[in-house]
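Peer 1: I have a structure I would like to understand better, so I am pasting it below and will then ask my questions one at a time.
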Amino acid sequence: MTKRYVMVHDENKCIGCQACNVACRSENSTPDAVTRIQVRIEGPHGHYPDLHFKYHRVSCQQCENAPCVEVCPTGAAYVGDDGIISINKDKCVGCQYCIAACPYKVRFINPETRVPDKCDFCKHSRLAEGKQPACVSVCPTDALTFGDANDPSSDVAQLLDTRIHFQDKAHLGTKPRVYRIPGKRGGINQ
Amino acid sequence: MKLDRRSFLKGAGASTAGCALVATLPGTLAAFEQQSLKPVGSEVNSICEMCSTRCPISARVINGKNVSILGNAAAKSFGGAVCARGGAGHSLLYDPQRLVKPLKRVGERGEGQWQEIEWHEAYQLIAEKLNGIKQKYGAESVAFSSKSGSQHKYLFHLAHAFGSPNTFTHASTCPGAYKYAASAMYGGGVKRDLGGAKYIINFGHNLYEGINMSETRGLMKAQTKGKAKLVVFEPRFSIVADKADKWYPIKPGTDIAVALSLCHVLINDNLYDHDFVEKYVAGFDEFADEVKQYTPEWAERICEVPAADIRRIAHELAAAAPHALVDYGHRTTFTPEEFELRRALYAANVLIGNLERKGGLFFAKKAKTYNQFAGDDAAPTLGKPGVDGMPTITAKRIDQVDQQFAMTWSKGGVYQSILDAALESKPYQLKGWVISRSNPMQTMTDRARVVEAMKQMEFVVCCDLYVSESAAYADVILPESTYLERDEEIFDKSSKSPAYYVRQRVVETIGDTRPSWQIWQQIGHALGLGKFFPWETMESLQLVQTKKDAKLLQEIKRQGYISYGVPLLLREPSYVAKFQATHSKARVADEDGSYASALKFKTPSGKIELSSTKIETMAPGRGVIRYREVTLKQPNQLFFIQGKVAVHTNGATHNVPYLANLMNDNAVWINPITAGHMGIKSGDKIRLYNDTGEEHGVALVTPGIRPDTVFAYMGFGSKNKELARAYGRGVHCGNLLPHVISPVTGMSLHTAGVSVAKA
């Protein structure tokens, strides 16, 4: 693998504004009924007045051990040499095994193409033009950082070296390439 | 269609979105054939219009069917970012419910019976009716109102040509108070350098939901790069409260007590900037005398914030001064004492001497001012079209009967006075109302009263993108092109240095709509007032602005946003040094390396007026900033407060497809203790009622609200079927807010007492 593209979501900086959600939708022509990415504001948790929200990015985790790829009978779901999980629509037979297998529940049938769809870090639209994914470029608070984790000088590599982070459902052994910096009160100042 | 296994399974995830789900209303896009989008350029730099901030954007058309909108990266403080509302702009274009043909009312007013007409018929009808009213009752009996911003001056130009002084913006229902308070104290509007601040005190200015891109980014920059401390006072646990170092769930409507108490500590503990006060401030002694009584202990009894905390915060603020600020807020018309609250917040800033310092407040540096300091033409100045022989209007404005509102007359007026004049002939009867992109039915208080006022008008014209709640009561609705289909004039976007930007069409117009500047111009012609509209096209107007410099115009259009020079803060020596290094003929600095001696204030005393004799004359008893007790609710009621959400704008975006999909309801926040007493659970249907009105909604039981308060995001619960995605969904806030006009600022009131019951 030449590149290892990853996304880091700093939940301290995230304000749950859905700018990423909308930018992704218009950039990738995602139909209204389905969503490639959203940020769920959960809570407030805690006891009044000591409260906090959680900002949970829900999108494809680009797993290193991807269940969707493993179960695909035709090889339509595949991992590119950049680590991004993509879908070859010509090979897809619409069996929806990948949708059932995804532990993050982020795959869906695109009602227009009738092929399973999900976040691909804008691989075929913006990345191909050397641009950052749409969600990263519009984020009002710069909560998203994207890049090649194999490059030690990249912003993502430095963030992962210096900040406490976690991955969603890590216990499943899927090894997601979306990393989260957990939010906490006063955490912005770190 | 290829019938393979995939096609066979298509039902599984199929969507009905994109289909017109409502019965087709005449004049809407659903009644027309959809075409592909015709792009004007491959990538167009323009200006957003999904809220009043109007961020610089960069848009392009994808495959003739989609517009992708990002921020314009050239606008540094906006960071190339765009919020959800901005990104959703294109879903307006293809919205089947969008209006694309003029409509004429054919049934009773507000009944929803419409007929499509041609533009020339609409103009003819409008000219006939308005000229008829003018002949019978005088031109002043027609009111003209518009959301302030890019287009309002074209409507106001028409009003002036027509002969009516009654022009109103939405200021008194939204941003008026802090502007008038700044005008009274500093002699003009000030801006916040949030990004440079080391300590920020925030009274419910929820910049992380009510997104103003450069300020939202500035606040996050202060918190991340500057490691600034943020203290938030707000009755609700908003996103900005969540991101704060400390949140105080303050009792609604009592912010002024904390603000005055902060001032008390700054003066009493000798923490204020003596040199600044001596040099630039008038009326300090009267103010100091007044705030002697406003101790933190006094404030604690009123606002339920611990006195020790207020004292500590005042000390922390002073320690970070002058690179610190007390945010003077935005649409926070908490109480009728708005004017005093805003002045009290500014006063705390004055005491720490943060004016024209990094992280403090500052005046915008427009080209003329900036060039004077630079000693050269660092930035071009814009020309204005001169119109000869505009009529002199002798009739007084309807809000001009009361001298205390004098500051508002030239800056938007008291919008609600249209209702008083229409319903009570105070001071005289209004008969006509021309509304442009303004939705008083949502944004004013006491909705029922707005309906009554509309019903008694002889003639109402509305210009909008949708049949808004207000447009539903018009006689004629004029469909405006969306901002993605309009060219407009060059706007000044100066901040610490001069900047200009321009709105340009991204796609060719869909359907039969027109930009409102053109609509008002053409109505001017129909009214026989053509001589007052000397410009033919937007391009000709833009060339007047650039003083016939076609090259400059092309450059502004190409870049979309241009800023000139380097940031300048007059009292910050490092900024002045950089400014001098950039501009060889720059003004010589003072001994301390600043331009402090050049600081001027357009107030009667030429200084910042902590206490004002001018205000005392306008509104006796209000020269000095003073606390007055207000009653916002009855003892058996709960406070009802509202706020902004990141995916909608006030009364404007709730029917936009993308945004309606993200959020189409506003559950009512209620504390678990309060809800427990009433047996209310999350998801239960509840009833909110008071003397003004009654609303039905759904409860959201959450600890993120004080037990004595309920909260709802504003703008929901449309009562007109034409807004199909918003109709009947959620609580309509304006239907629960009483009609109260705040002294001096003329603001409407956004805190009320309500009773809550299970429905």
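Peer 1: If I ask for residues that are assigned to a helix (DSSP H, G or I) and either touching a Lys or Arg at 6+ places or on another chain (Cβ under 6 Å) or open to solvent by less than 20 Å² (accessible area, probe 1.4 Å) (or both), which ones from region B:277-287 would you list?
Peer 2: As a first pass, look at region B:277-287 and keep what is assigned to a helix (DSSP H, G or I): B:277-280, B:284-287.
If the condition is that a residue be assigned to a helix (DSSP H, G or I) and either touching a Lys or Arg at 6+ places or on another chain (Cβ under 6 Å) or open to solvent by less than 20 Å² (accessible area, probe 1.4 Å) (or both), then B:Val277, B:Tyr280, B:Phe287 are the ones that fit.
Peer 1: To continue, here is another question. Tally time: how many residues in region A:166-180 are surrounded by fewer than 16 Cβ atoms within 10 Å (Cβ to Cβ) and in contact (Cβ under 8 Å) with a residue 12 or more places away in the chain?
Peer 2: Taking region A:166-180 and keeping what is surrounded by fewer than 16 Cβ atoms within 10 Å (Cβ to Cβ), we get A:166, A:169-173, A:175.
Then drop every residue that is not in contact (Cβ under 8 Å) with a residue 12 or more places away in the chain, which leaves A:166, A:169, A:172-173, A:175.
Qualifying residue count, region A:166-180: 5.
Peer 1: Output the residues belonging to region A:25-43 that are open to solvent by 20 Å² or more (accessible area, probe 1.4 Å) and of a type outside the set (S, T, N, Q). Talk me through it step by step, then tell me what you get.
Peer 2: Taking region A:25-43 first, the residues open to solvent by 20 Å² or more (accessible area, probe 1.4 Å) are A:25, A:28-29, A:32-33, A:35-36, A:38, A:40-43.
A:Arg25, A:Asp32, A:Ala33, A:Arg36, A:Arg40, A:Ile41, A:Glu42, A:Gly43 - these are the residues of region A:25-43 that are open to solvent by 20 Å² or more (accessible area, probe 1.4 Å) and of a type outside the set (S, T, N, Q).
Peer 1: Could you name every one of the helices (runs of 4 or more DSSP H) located completely within region B:290-363 that has at least 1 residues being touching a Ser or Thr at 6+ places or on another chain (Cβ under 8 Å), farther than 18 Å from B:Val232 by Cβ and open to solvent by 10 Å² or more (accessible area, probe 1.4 Å)?
Peer 2: Values: elements: B:296-303, B:307-320, B:338-351.
The helices (runs of 4 or more DSSP H) meeting that bar are B:296-303.
Peer 1: Considering (1) facing another protein chain (nearest Cβ under 10 Å); (2) closer than 16 Å to B:Glu209 by Cβ, say which one A:Arg40 fails and leave the rest.
Peer 2: Only one criterion is unmet by A:Arg40, namely (1).
Peer 1: Continuing with this model, one more query. If I go through region B:75-86 residue by residue, how many of them are under 19 Å from the mean Cα position of the chain (by Cα) and not β-branched (Val, Ile, Thr)? Break it down into steps so the answer makes sense when it comes.
Peer 2: Restricting attention to region B:75-86, the residues satisfying the condition of being under 19 Å from the mean Cα position of the chain (by Cα) are B:78, B:82-86.
After this cut, where a residue has to be not β-branched (Val, Ile, Thr) as well, the list is B:78, B:83-86.
Summing the residues that are under 19 Å from the mean Cα position of the chain (by Cα) and not β-branched (Val, Ile, Thr) in region B:75-86 gives 5.
Peer 1: Let me ask you something else. In region B:638-655, what residues are away from chain A (no Cβ under 14 Å) and open to solvent by 30 Å² or more (accessible area, probe 1.4 Å)?
Peer 2: B:Ala652
Peer 1: Now for a different question. Condition first: in contact (Cβ under 8 Å) with a residue 60 or more places away in the chain and surrounded by fewer than 24 Cβ atoms within 10 Å (Cβ to Cβ). Now tell me which residues in region B:724-735 satisfy that.
Peer 2: Here is the first cut: in region B:724-735, the residues in contact (Cβ under 8 Å) with a residue 60 or more places away in the chain are B:724-726, B:729-735.
Correct list: B:Ala724, B:Arg725, B:Arg729, B:Asn735.
Peer 1: Of the numbered conditions (1) surrounded by fewer than 24 Cβ atoms within 10 Å (Cβ to Cβ); (2) not assigned by TED's automatic domain parsing to the domain that holds B:Trp409, B:Thr167 fails exactly one; give the number of that condition.
Peer 2: (2)
Peer 1: In region A:64-116, what residues are of a type in the set (Phe, Trp, Tyr) and under 19 Å from the mean Cα position of the chain (by Cα)?
Peer 2: Restricting attention to region A:64-116, the residues satisfying the condition of being of a type in the set (Phe, Trp, Tyr) are A:78, A:97, A:104, A:108.
Matches in region A:64-116: A:Tyr78, A:Tyr104, A:Phe108.
Peer 1: Same structure again: Hey, can you tell me all the residues within region B:56-76 that are touching a Gly at 6+ places or on another chain (Cβ under 6 Å), in contact (Cβ under 8 Å) with a residue 40 or more places away in the chain and either part of a loop (DSSP other than H, G, I, E, B) or open to solvent by 30 Å² or more (accessible area, probe 1.4 Å) (or both)?
Peer 2: Result: B:Asn72, single match.
Peer 1: How about region A:13-28: which of its residues are of a type outside the set (Gly, Ala, Ser) and either more than 8 Å from chain B (Cβ to nearest Cβ) or more than 29 Å from B:Lys227 (Cβ to Cβ) (or both)? So that I can check it myself, show each step before the final result.
Peer 2: To start, the set of residues in region A:13-28 that are of a type outside the set (Gly, Ala, Ser) comprises A:13-15, A:17-18, A:20-22, A:24-25, A:27-28.
Once the filter is applied, which keeps residues that are of a type outside the set (Gly, Ala, Ser) and either more than 8 Å from chain B (Cβ to nearest Cβ) or more than 29 Å from B:Lys227 (Cβ to Cβ) (or both), region A:13-28 yields A:Cys14, A:Cys20, A:Asn21, A:Val22, A:Cys24, A:Arg25, A:Glu27, A:Asn28.
Peer 1: Here's a check for you: in region A:114-156, which residue that is within 14 Å of another protein chain (Cβ to nearest Cβ) and β-branched (Val, Ile, Thr) is surrounded by the fewest Cβ atoms within 10 Å (Cβ to Cβ)?
Peer 2: Across region A:114-156, the extreme among qualifying residues is A:Val115.
Peer 1: Hey, among A:Gly187, A:Gly183, which residue is open to solvent by less than 30 Å² (accessible area, probe 1.4 Å) and within 11 Å of chain B (Cβ to nearest Cβ)?
Peer 2: On the way: A:Gly183 fails: open to solvent by less than 30 Å² (accessible area, probe 1.4 Å).
That would be A:Gly187, the only listed residue that is open to solvent by less than 30 Å² (accessible area, probe 1.4 Å) and within 11 Å of chain B (Cβ to nearest Cβ).
Peer 1: For a quick check of your reading of the model, give me the residue pairs whose first member lies in region B:666-690 and is closer than 10 Å to B:Val710 by Cα, whose second is aromatic (Phe, Trp, Tyr), with beta-carbon atoms closer than 6 Å and at least 6 apart or on different chains.
Peer 2: Close Cβ pairs (under 6 Å, with a partner that is aromatic (Phe, Trp, Tyr)) amount to B:Trp669/B:Phe711.
Peer 1: Sticking with this structure for a sec: Are there any helices (runs of 4 or more DSSP H) wholly within region B:77-140 with 1 or more residues that are within 14 Å of chain A (Cβ to nearest Cβ), and if so which?
Peer 2: Numbers: elements: B:84-87, B:90-93, B:119-137.
Output list reads B:84-87, B:90-93.
Peer 1: Looking at this structure, is B:Lys251 open to solvent by 10 Å² or more (accessible area, probe 1.4 Å), touching a residue at least 24 places away in the same chain (Cβ under 8 Å) and farther than 18 Å from B:Leu317 by Cα?
Peer 2: Details: open to solvent by 10 Å² or more (accessible area, probe 1.4 Å): yes; touching a residue at least 24 places away in the same chain (Cβ under 8 Å): yes; farther than 18 Å from B:Leu317 by Cα: yes.
Against the criterion (open to solvent by 10 Å² or more (accessible area, probe 1.4 Å), touching a residue at least 24 places away in the same chain (Cβ under 8 Å) and farther than 18 Å from B:Leu317 by Cα), B:Lys251 qualifies.
Peer 1: Looking at region B:400-418, which of its residues are over 21 Å from the mean Cα position of the chain (by Cα) and assigned to a helix (DSSP H, G or I)? Steps first, please.
Peer 2: First pass over region B:400-418, keeping only residues over 21 Å from the mean Cα position of the chain (by Cα): B:400-404.
Within region B:400-418, B:Gln403, B:Gln404 meet the criteria.
Peer 1: Are any residues in region A:1-16 out of contact with any helix residue (DSSP H, G or I) (no Cβ under 6 Å at 6 or more places or on another chain) and within 25 Å of B:Ile57 (Cβ to Cβ), and if so, which ones? Give the steps one after another, and end with the answer.
Peer 2: Pass one, region A:1-16, residues out of contact with any helix residue (DSSP H, G or I) (no Cβ under 6 Å at 6 or more places or on another chain): A:1-5, A:7, A:9-11, A:13-14, A:16.
Selection gives A:Met7, A:His9, A:Asp10, A:Lys13, A:Cys14, A:Gly16.
Peer 1: With surrounded by fewer than 24 Cβ atoms within 10 Å (Cβ to Cβ), charged (D, E, K, R), within 30 Å of B:Met50 (Cβ to Cβ) and touching a residue at least 60 places away in the same chain (Cβ under 8 Å) as the only criterion, which of B:Arg449, B:Arg397 stands out? Show your work before the answer.
Peer 2: Values: B:Arg397 fails: within 30 Å of B:Met50 (Cβ to Cβ).
None of the other options fit; the residue is B:Arg449.
Peer 1: Continuing with this model, one more query. Please enumerate the residues belonging to region B:688-702 that are of a type outside the set (A, V, I, L, M) and open to solvent by less than 70 Å² (accessible area, probe 1.4 Å). Explain how you work it out, then say what you get.
Peer 2: Of all residues in region B:688-702, those of a type outside the set (A, V, I, L, M) come to B:689-697, B:702.
Of everything in region B:688-702, those that are of a type outside the set (A, V, I, L, M) and open to solvent by less than 70 Å² (accessible area, probe 1.4 Å) turn out to be B:Asn690, B:Thr692, B:Gly693, B:Glu695, B:Gly697, B:Thr702.
Peer 1: Shifting gears a bit: Here are some conditions: (1) at pLDDT 95 or above; (2) of a type outside the set (Ser, Thr, Tyr); (3) assigned to a helix (DSSP H, G or I). B:Leu541 meets all but one. Which one does it not meet?
Peer 2: (1) is the only condition that B:Leu541 fails.
Peer 1: Could you check, for region B:532-553, whether at least one of its residues is open to solvent by 60 Å² or more (accessible area, probe 1.4 Å), under 30 Å from B:Lys129 (Cβ atoms) and touching a residue at least 24 places away in the same chain (Cβ under 8 Å)?
Peer 2: Yes: one or more hits.
Peer 1: Let me ask another. Filter region A:47-79 for residues that are open to solvent by less than 10 Å² (accessible area, probe 1.4 Å) and within 12 Å of another protein chain (Cβ to nearest Cβ) and give the result.
Peer 2: If the condition is that a residue be open to solvent by less than 10 Å² (accessible area, probe 1.4 Å) and within 12 Å of another protein chain (Cβ to nearest Cβ), then A:Leu51, A:Tyr55, A:Ala76 are the ones that fit.
Peer 1: Return only the number of the condition from (1) open to solvent by 10 Å² or more (accessible area, probe 1.4 Å); (2) within 30 Å of B:Ser58 (Cα to Cα) that A:Pro103 does not satisfy.
Peer 2: (2)
The values are calculated or read from the model by the stated rules, or taken from the named source; none is laboratory data. Predicted model, so just to flag it, every value in this text is computed and none were measured. We place every Cβ from the backbone using ideal geometry, glycine too, and count neighbours over all the protein chains shown. Each accessible area value is taken on the protein alone, full model and side chains, heavy atoms only, with ligands, DNA and RNA left out. Shrake-Rupley method; radii C 1.70, N 1.55, O 1.52, S 1.80 Å.
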